[in-house]
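The values are calculated or read from the model by the stated rules, or taken from the named source; none is laboratory data. These numbers come from a predicted model, not from an experiment. We place every Cβ from the backbone using ideal geometry, glycine too, and count neighbours over all the protein chains shown.
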Ligand SMILES: Nc1ncnc2c1ncn2[C@@H]1O[C@H](COP(=O)(O)OP(=O)(O)O)[C@@H](O)[C@H]1O
Ligand SMILES: [Mg+2]
């Protein structure tokens, strides 16, 4: 079971992504990135965050700790932004929190080197959960204390938006050509050999059990939350053994523009300074 905390202060919204998560403080003195049940993306986003986030952690990937957060919307009364007010009002009760990594930087492929084994594990994992949201345009990875951390698993398992088509969807290829780690030569074969055997029915059932019942109730076609949990387990299990055979990795497109401000890339990777100096007359890196 995920630990449960109570939000004590709404600190600030995070506007990089689409769902307007907020930084909150909680009664355990922790700071969390809170994903709201009242957000337009709906509660399935939170189900995906729990199942995939916890699965990633159980497979040994770096995903910040997840907690259940109780929200009394009254803590946001002083918040001037109308959009935030509406979100808080619509999200009283249970929400999802991810441990906030203070001082982390958004991943940038030009500033941070990833070894092929680690890149392989992340790409294989994203193929397993059918993550469509870890592209070089929007990496949803952070660098913290020199390590790569995975965040934002809300746009995964697209089959849960259409359960009757789930089986067919599991048989489709996973195109990782635009994946943020595609340029690092991901070693898919060794990742599959290492991780696929760990994805057992028992592990998946434990992970699915961590989703709060109230985010699973009343799903059309399912007469109980346990049945729905089983469907998540079955869909992931069906992919685990063979998904590595269906990962498409076309040649990476060169010269991806850096998303990071210059001072970050300079601080993290002096060798890029040299490169951009050499090529500065050719337009180089932004
Ligand atoms: N655990 C975390 N620690 C620090 N910053 C985070 C964390 N989670 C998210 N962020 C920041 O908030 C932004 C939005 O969060 P994300 O989970 O990607 O939500 P969405 O893209 O759905 O809005 C991220 O791009 C990142 O900059
Ligand atoms: Mg995001």
Could you please let me know if residue 153 is assigned to a helix (DSSP H, G or I) and under 30 Å from residue 218 (Cα atoms)?
no
Return a yes/no flag: does segment 84-97 have any residue that is without any contact (Cβ under 8 Å) to a residue 40 or more places away in the chain and surrounded by 18 or more Cβ atoms within 10 Å (Cβ to Cβ).
no
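With the structure loaded, tell me whether residue 190 is more than 16 Å from residue 57 (Cα to Cα) and part of a loop (DSSP other than H, G, I, E, B) or whether it fails that test.
On the way: more than 16 Å from residue 57 (Cα to Cα): yes; part of a loop (DSSP other than H, G, I, E, B): no.
Considered against the rule, which asks whether it is more than 16 Å from residue 57 (Cα to Cα) and part of a loop (DSSP other than H, G, I, E, B), residue 190 comes out as no.
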The one condition residue 136 fails out of (1) within 16 Å of ligand 1 (Cβ to nearest atom); (2) modelled with pLDDT of 95 or more; (3) in contact with a strand residue (DSSP E or B) (Cβ under 9 Å, 6 or more places away or on another chain); (4) not assigned by TED's automatic domain parsing to the domain that holds residue 19 is (2)
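Name every residue in segment 100-129 that is away from ligand 2 (no atom under 16 Å from the Cβ) and within 24 Å of residue 212 (Cβ to Cβ), in order of residue number.
Quick first cut of segment 100-129, residues away from ligand 2 (no atom under 16 Å from the Cβ) only: 102-103, 109-121, 123-125, 127-128.
If the condition is that a residue be away from ligand 2 (no atom under 16 Å from the Cβ) and within 24 Å of residue 212 (Cβ to Cβ), then 125, 128 are the ones that fit.
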Output the residues belonging to segment 23-41 that are modelled with pLDDT of 95 or more and within 16 Å of ligand 2 (Cβ to nearest atom).
23, 32, 33, 34, 35, 36
Expected single match for modelled with pLDDT of 95 or more, buried (at least 16 other Cβ atoms within 10 Å of the Cβ), in the same structural domain as residue 141 (by TED's automatic domain parsing) and more than 19 Å from the chain's Cα centre (by Cα) among 213, 226, 187 is 187
Of the residues that make up segment 130-146, is at least one more than 24 Å from residue 36 (Cα to Cα) and part of a helix (DSSP H, G or I)?
no
Got at least one residue in segment 42-63 being at pLDDT below 95 and surrounded by fewer than 18 Cβ atoms within 10 Å (Cβ to Cβ)?
yes
So, of the residues in segment 1-22 that are buried (at least 17 other Cβ atoms within 10 Å of the Cβ) and at pLDDT 95 or above, which turns out to be nearest to ligand 2 (Cβ to nearest atom)?
21
What pairs can you find where one residue is in segment 7-19 and assigned by TED's automatic domain parsing to the domain that holds residue 151, the other is surrounded by 15 or more Cβ atoms within 10 Å (Cβ to Cβ), and their Cβ atoms are less than 6 Å apart, with a gap of 6+ or different chains?
none
Condition check: over 12 Å from the mean Cα position of the chain (by Cα), within 16 Å of ligand 1 (Cβ to nearest atom) and at pLDDT below 95. Does residue 69 satisfy that?
no
